[in-house]
Amino acid sequence: MNLSSASLISFLEYFEPVLCAIVIWLIVRSRVGRQYGYLLALMCVRLGCSVTSLSLFYATRHTLIERHLAYHIYFYIYWTSYALESILSLLVIYSIFRLAMAPLKGLQTLGMLVFRWVAAISVAVSIGVAASPHLTGITFLVAIITQLQQTSSILTLSLLLFVCFAIRPMGLTYRSRIFGVSLGLGFLAAISLVNSAWIAHNVNMYSRFSLVNGFAVGLTLLIWSTYFSFPEPKRRIIVLPTTSPFLRWNQISMALGDDPGYVAIGGVPPELFAPAELEVMRRASAKMPVSQLEGAESLKSLSA
Amino acid sequence: MKYIARAIVVVLVLTGAAASTQLSSASPSKDKIMISRPSMLPVPTCDPNDPNACGFKG
């Protein structure tokens, strides 16, 4: 890597925490911290990791700390924050899906149920794939994080595809923050996958891809800053045709979650009824014709 | 706007899908890091006890 690339990467390293801090400030300023809480947490983790790592770099350059020890510390800081980010990314996708589907309550409930199952299965598969006999200790943890991040990236891209193509039935526009956050996450997910494919063939700590990586992260953080700088347009009134599959599935999903009513069909002791109720029943049976009573008795014996 | 946004999304998804096919052929091994966090920071690709500290310059 030549000197200009190295100095550019060095500049980008210091640029990332600044952009993270700007995104955090904009989220807090626009008072959407509760809605985008997981994104806020993700940004805080990135900021913390960047600040700690840059302090470590500074200490190493000025020989305040031994190089091997510095790398040892950096290794753990990097992979710990990566693990936290993987988990938080999944939670961000979950919260974005919940926000996007808020007007369609039935589909939201059903989708979140499916999402929880997919996430649980993905975590189980990640652990299962990583648990091969030759992997122990730190390599095992790195393998789990690797699998988890790949799963998270694929889920993110799926979410982005869904938000992009189902944006109209959800009453959103391309200027909505939900789309902006999904687009940023999609950028990170695609770059993460490309980066992993690159690293699988070129294992080098300082490679030319660091530059691409730096620009992609910078672009993502700029997208988020832009979306949180401007006021979000209100959701449009959702008008769906009566034949819309969204509407139909939403109704079905809402009915699926209903608490059912119960009816006593037998084995009810007379003590359960109040004397007044018993009296009403007695009078009603007295008024009923004998043939109808016999019919009821025969039905009762048949069902028994 | 609509078509540009959709085109970007489709390109991103196709890129991710193409990259993941490259990943599936590479299984996790003992001495290789197979993924990196999208970040401006360098990726620590070696073992924490690497004798050369992975060329760490700080």
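Each value in this text was obtained by applying a stated rule to the coordinates, not by laboratory testing. Predicted model, so just to flag it, every value in this text is computed and none were measured. In this analysis, Cβ positions are derived from the backbone assuming ideal geometry, glycine residues included, and neighbour counts consider all displayed protein chains.
Miscellaneous remarks
- For the listed peptides A:56-66, A:97-107, a ranking on the average number of other beta carbons within 10 Å per residue, highest first, reads A:97-107, A:56-66.
- Global form of the range A:89-238, assessed from the alpha-carbon gyration tensor, a/c cut-off 1.5: oblate
- Principal-axis tilt of helix A:137-165 within chain A, Cα atoms, nearest 10 degrees: 60 degrees
- A simple spin-label model places pseudo-atoms 7 Å from Cα toward Cβ; at A:ARG34 and A:ALA166 they are separated by 2.6 nm.
- Shielding by partners - mean other protein chain Cβ count within 10 Å, residues of A:216-228: 1
- Residue-averaged beta-carbon neighbours from other chains (10 angstrom radius) around B:2-12: 4
- Modelled this way, with points 7 Å down the Cα-to-C-beta line, the labels at A:GLU271 and B:GLN22 are 7.7 nm from one another.
- A simple packing score, the average count of other Cβ atoms within 10 Å per residue, orders the peptides A:278-288, A:164-174, A:37-47 as A:37-47, A:164-174, A:278-288, with the highest score first.
- Peptide A:246-255 shows a mean partner chain C-beta count of 0 within 10 Å per residue C-beta.
- Reducing the range A:206-235 and the range A:141-175 to their Cα centroids gives an inter-centroid distance of 16 Å.
- Between the Cα long axis of helix A:177-201 and the first principal axis of chain A there is an angle of about 60°, rounded to the nearest 10.
- Separation of the A:GLU232 and B:ASN49 label points, Cα + 7 Å toward Cβ, nm: 5.0 nm
- Computed packing ranks the peptides A:179-190, A:13-24, A:109-120 as A:179-190, A:13-24, A:109-120, most packed first, by mean other Cβ atoms within 10 Å.
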